[in-house]
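Notes follow the structure.
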Ligand code: GDP
């Protein structure tokens with residue numbers, strides 16, 4: 001039977017030939033195992049009695065055979081990642097070396113760790129809460145600087161602190177109401193509901209604010225789904241290539257050759273765009289093109305923002321207007337491409353299809369002009385100019401969003417009961433609900449299945 005706290009081991013670095021590989025061990029047997037397989041060069045150091053938070057240099061041995069020359073780090077619990085005794089073996093990063101050492105550690109009594117099991121132990125042993133554990137995963141997955149910053153902030157406990165503060169306040173009020181109901185002679189609830197209403201308003205405001213950061217948070221962590229549309233030859237592929245800084249999409253002068261969709265991820269100024277270059281949306285009898293057009297429509301539907309690219313060296317045509325009609329109500333940026341060509345462009349008919357906030361930017365994909373303006377407008381449109389300046393926490397995790405949504409509903413119910421003059425024990429039910437929902441974020445009273453599910457998404461060795 002697997003013991004939840006037996007000694008586990010895993011390769012913590014990427015398994016490929018690299019400079020260094022790390023095998024990590026955690027649990028009560030860690031020090032015994034390293035004592036059996038490690039010979040420090042400094043013979044005065046007995047491998048069975050290595051000191052905590054020291055680094056040792058020596059050989060990993062399988063009996064009399066030297067497996068590799070390594071550095072060994074000792075971190076005795078509770079001052080370690082998992083709060084258990086942790087040993088890290090830094091070996092040469094060859095796949096065969098790392099596996100040989102891992103297998104040796106396992107042969108000496110450790111069990112292979114499940115994905116995320118080290119972090120799961122850090123959580124189960126109370127070193128971090130669930131939102132911090134999730135931040136570890138987001139940090140590893142972070143695609144850009146903003147996502148990294150947000151994950152670190154969550155890892156440091158910024159989200160947990162906010163949640164814990166509201167929960168403490170809620171619990172205090174629940175306890176107050178209950179003691180007053182138990183002991184009405186000594187504790188009066190006169191005027192209390194009005195006072196409570198003020199507090200509930202504050203909880204609603206904070207929860208609501210966290211929830212409203214979710215879209216920004218998603219754009220930061222997952223990237224913005226950006227769909228480029230425009231008729232063939234408008235310069236979509238060229239624009240994509242300019243952004244990517246390399247010639248990865250097909251650039252061609254033959255209309256309609258970008259038949260399928262092409263997705264590329266590009267990070268500029270800390271913002272990740274998941275760019276989808278679509279086939280043009282136009283009437284066509286060509287079966288292959290037809291499929292491309294249908295796919296383009298689907299991509300438009302799923303996009304967070306549409307970039308409409310027009311060739312500004314020629315007047316707009318029916319096909320441009322068909323596309324504009326398709327994206328009329330969407331969040332979009334109009335890019336008037338080929339600004340290097342010296343031609344007059346009349347944008348009056350274009351404006352009839354636009355909303356007031358839709359930016360129009362002149363660019364030249366070919367000569368890399370107007371790209372800075374585009375990025376500036378994009379940031380404005382997606383983050384309302386907020387993103388660079390503040391150190392706000394963004395909610396990036398769908399599980400947290402759901403819990404906040406539920407907590408908000410409970411606080412709103414409590415507020416309504418207060419306004420309707422309902423008896424006090426009515427509020428306590430809703431307040432308790434809100435308290436419990438917020439608790440899910442930090443991992444309180446979370447079902448074991450959910451915990452297992454969350455950690456199974458981690459990589460092995462983390
Ligand atoms: P797509 O069909 O919309 O993907 O268009 P392409 O990117 O394949 O470009 C079509 C043609 O327009 C190519 O010959 C490009 O070199 C040219 N082109 C693209 N952008 C510009 C630009 O900014 N200025 C000029 N002069 N030509 C461009």
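The values are calculated or read from the model by the stated rules, or taken from the named source; none is laboratory data. Bear in mind the structure is a predicted one, so any value in this text is a computation, not a measurement. Heads up, the Cβs are rebuilt from the backbone with ideal geometry, glycines too, and the neighbour counts pull from every protein chain shown.
Might you check whether a residue that is more than 32 Å from the chain's Cα centre (by Cα), within 16 Å of the ligand (Cβ to nearest atom) and not in a loop (DSSP other than H, G, I, E, B) occurs anywhere in the range 412-423?
So far as the range 412-423 goes, no, none of its residues is more than 32 Å from the chain's Cα centre (by Cα), within 16 Å of the ligand (Cβ to nearest atom) and not in a loop (DSSP other than H, G, I, E, B).
Of all residues in the range 157-174, which are surrounded by fewer than 20 Cβ atoms within 10 Å (Cβ to Cβ) and in contact (Cβ under 8 Å) with a residue 24 or more places away in the chain?
157, 158, 162, 164, 169, 171, 174, listed by residue number.
This table checks each residue for (1) over 18 Å from residue 224 (Cα atoms); (2) surrounded by fewer than 21 Cβ atoms within 10 Å (Cβ to Cβ); (3) more than 16 Å from the ligand (Cβ to nearest atom).
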site: 301; (1), (2), (3): no, yes, yes
site: 308; (1), (2), (3): no, no, no
site: 311; (1), (2), (3): yes, no, no
site: 319; (1), (2), (3): yes, yes, no
site: 328; (1), (2), (3): yes, yes, yes
site: 340; (1), (2), (3): yes, yes, no
site: 346; (1), (2), (3): yes, yes, yes
site: 349; (1), (2), (3): yes, yes, yes
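Within the range 351-364, work out how many residues are in contact with a helix residue (DSSP H, G or I) (Cβ under 6 Å, 6 or more places away or on another chain), within 16 Å of the ligand (Cβ to nearest atom) and either within 19 Å of residue 317 (Cβ to Cβ) or free of Cβ contacts under 8 Å to residues at least 12 places away in the same chain (or both).
Total satisfying the criteria: 0.
Can you tell me which residue is farthest from residue 360 (Cα to Cα) among those in the range 276-285 that are within 15 Å of the ligand (Cβ to nearest atom) and at pLDDT below 80?
At the first step, the residues of the range 276-285 found to be within 15 Å of the ligand (Cβ to nearest atom) are 276-282, 284.
Now narrow it down to the ones that are at pLDDT below 80: 277-282, 284.
Details: 277: 19, 278: 20, 279: 22, 280: 20, 281: 20, 282: 22, 284: 28 Å.
For the range 276-285, the residue satisfying everything is 284.
Could you name every one of the helices (runs of 4 or more DSSP H) located completely within the range 289-390 that has at least 2 residues being over 31 Å from the mean Cα position of the chain (by Cα) and at pLDDT 90 or above?
Result: 318-326.
Within the range 202-231, restricting attention to residues that are touching a strand residue (DSSP E or B) at 6+ places or on another chain (Cβ under 7 Å) and not in a strand (DSSP E or B), which residue is surrounded by the most Cβ atoms within 10 Å (Cβ to Cβ)?
Once the filter is applied, the top-ranked residue is 230.
Taking the criterion of being in contact with a helix residue (DSSP H, G or I) (Cβ under 6 Å, 6 or more places away or on another chain) and buried (at least 19 other Cβ atoms within 10 Å of the Cβ), would at least one residue in the range 265-273 satisfy it?
Scanning the range 265-273 turns up no residue that is in contact with a helix residue (DSSP H, G or I) (Cβ under 6 Å, 6 or more places away or on another chain) and buried (at least 19 other Cβ atoms within 10 Å of the Cβ).
In the range 232-249, which residues are within 7 Å of the ligand (Cβ to nearest atom) and modelled with pLDDT under 85?
Matches in the range 232-249: none.
With respect to residue 270, is the statement that it is within 16 Å of the ligand (Cβ to nearest atom), out of contact with any strand residue (DSSP E or B) (no Cβ under 9 Å at 6 or more places or on another chain) and either farther than 30 Å from residue 171 by Cα or at pLDDT 90 or above (or both) true?
Considered against the rule, which asks whether it is within 16 Å of the ligand (Cβ to nearest atom), out of contact with any strand residue (DSSP E or B) (no Cβ under 9 Å at 6 or more places or on another chain) and either farther than 30 Å from residue 171 by Cα or at pLDDT 90 or above (or both), residue 270 comes out as no.
Scan the strands (runs of 3 or more DSSP E) fully inside the range 1-117 and keep the ones with 3 or more residues being modelled with pLDDT under 95 and either surrounded by fewer than 16 Cβ atoms within 10 Å (Cβ to Cβ) or at positive phi (or both).
18-26
Among (1) in a helix (DSSP H, G or I); (2) within 30 Å of residue 157 (Cβ to Cβ); (3) in contact with a strand residue (DSSP E or B) (Cβ under 6 Å, 6 or more places away or on another chain), where does residue 403 come up short?
Unmet condition: (3).
Of the residues 121, 149, only one is within 18 Å of residue 12 (Cα to Cα) and assigned to a helix (DSSP H, G or I); which?
Within the list 121, 149, the selection yields 121.
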